[in-house]
1. Quick check on segment 158-290: what does the Kirkwood estimate of hydrodynamic radius come out to from the alpha carbon pairs, in Å?
2. Can you tell me, using C-alpha contacts under 8 Å and at least 6 residues apart, the relative contact order of segment 3-47 as a whole percent?
3. Using the charge dipole of segment 158-290 (Lys, Arg: +1 at Cβ; Asp, Glu: -1 at Cβ; taken about the Cα centre), state which of GLY251, SER166, SER193 has its Cα farthest towards the positive end.
4. Could you work out how much longer the chain between ASP234 and ARG115 gets when fully extended? Use 0.36 nm per residue separation minus the Cα distance between them, nm to one decimal.
5. How big is the antiparallel share of DSSP beta bridges in the chain, given as a percent to the nearest 5?
6. Which FRET efficiency value, to the nearest 0.05, do you get for ASP328 and MET44 by plugging their Cβ-Cβ distance into 1/(1 + (r/R0)^6) with R0 = 45 Å?
7. Debye sum, Cα scatterers, segment 3-47, no solvent: what log₁₀ I/I(0) at q = 0.15, 0.26, 0.34 1/Å?
8. Counting DSSP beta bridges with both partners in segment 168-277, what percentage is antiparallel, nearest 5?
Amino acid sequence: MKVTLKDVANAAGLSVASVSRILTNRGRYSEVTAKRVRELAQEMGYYKNQNAADLSSKRSRVVGVVVPLIHTNFADEIIKGLYETTISSGYELLITYLDEDEDHQYQVFQTLLSRQVGAVFMLSLDIPSWMIDKLLEEQISVISLTALLSEQISAVTSNEFEMMNSIVDYLIDMGHKNIALVGDTKLTTNISSTRRTNFIKSMTDHNLAYENIFLYGNDHSYETGYTSVTTGYDINQLPFTAAIATADMVGQGLINAMSDHGKTVPEDLSIVTIDGLQQTEIARPKLTTVKQDFPEIGRIAMQLFLDSDSEKTEPQIIYIPTELIQRDSVLNLNSTK
């Protein structure tokens, strides 16, 4: 039976992510811990089995990455993580872009088949079910990144409910009761539907009524953040004291809209974003955010494929930890009373 990265992690009493970092010489760990993990991997035959899987593969050394045509910068960070692990394992990346046009979707599918890819990584896509079915029929590994797309395929993602709950918990602890979700709040995509549902659930779990809940927007764009408080609501009488931006770019739009109309953040509006990319650090004020580890999502996803490459395995869901980073964009209303 083939030894996987998860088996080594269980034997070491560590997370899959931690063991992956140690075996690829990333992160900071004590030499004692690193040595123990490497010895366990060798004793259990992890390296040996991985080499055998590589040699027995009948496919080309190519894996496909399918990216939404319209996406935020998170995709670039995930691709970096995928690239690190593919290069070290001898694979190469084939990056393709997908939109809603069915003819284009079929063309992308044919491209993946023609290159005989060993795996296809889906970045936050509501991929048509026919494509998943066809890829699986061709015995191509399909792994979803940042979203739970189907019970048939594995996923490496952040825990969406924990992320949203941590934000709502934090804002309520800071004295906010009327809170808006701004950005992609429609129910037509996987991510938007999940975040909207989790936001409402988290608010109601805190015994807040629907009168305390505000929703605005159809995408993760800067423009949506800007217009949410300039045309969506009266910026001089906002019915909410805090806004959760579904992406960092939405948060930047909120900041600039407030500034352009003589308002300040966080005094007139508190903002928390989801993603935690570099722009949250260079924004003024610096944005409080839930930071997702996108490079690690890419690295773990590729490692998941490598571990399962030589045998049929059941779909897995791996959650990568997130972190709430408190900066300057949230006002503590408790201290202003």
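1. Over segment 158-290, the inverse of the mean reciprocal pair distance is 14.3 Å.
2. Reported relative contact order: 47 percent.
3. Of the options given, the answer is SER193.
4. 37.5 nm
5. 10 percent
6. Using R0 = 45 Å, I get an efficiency of 0.40.
7. Normalising to I(0) and taking log10 leaves -0.28, -0.88, -1.46.
8. Counting DSSP beta bridges with both partners in segment 168-277, the antiparallel share is about 10 percent.
The values are calculated or read from the model by the stated rules, or taken from the named source; none is laboratory data. On a predicted model such as this, the values are computed, not experimentally measured, just so you know. Cβ: placed from backbone, ideal geometry, glycine included. Neighbour counts: every protein chain shown. Calculation scope for accessible area: heavy atoms of the full protein, side chains included, ligands and nucleic acids excluded. Shrake-Rupley method; radii C 1.70, N 1.55, O 1.52, S 1.80 Å.
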